[in-house]
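Right, one structure below, let's go through it.
Just so it is clear, none of the values below were taken in a lab; they were calculated from the coordinates. None of these values were measured; they are calculated from a predicted model. Note that we place each Cβ from the backbone using ideal geometry, even for glycine, and neighbour counts take in every protein chain shown.
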Amino acid sequence: MSEDSATTQRHLSWQKSSYSGAQGGDCVEIALGATAIHVRDSKDPEGPSLTVTPAAWAAFLKLTEQQS
């Protein structure tokens with residue numbers, strides 16, 4: 001079974017962004033896998049998710065820090 005399978009993603013431990021508002025509107029959740037970072041919209045937990053490498057996730061975080 002590959003890490004990006006839907007079955008595996010259901011069993012991941014998802015964490016909501018600390019920047020999520022109190023109303024729960026624009027929320028992103030991430031889950032750390034053995035070899036990948038999974039990202040999804042908290043309003044649609046059964047919907048699609050993105051799977052990226054740790055290097056890609058680190059580059060994304062660095063970019064967001066630079067732009068804040």
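Net charge of the neighbourhood of Val28, taken over other residues with C-beta under 13 Å away and scored Lys/Arg +1, Asp/Glu -1, is -1.
Between Asp26 and Asp41, the modelled labels are 1.4 nm apart [label points 7 Å from Cα along Cα→Cβ].
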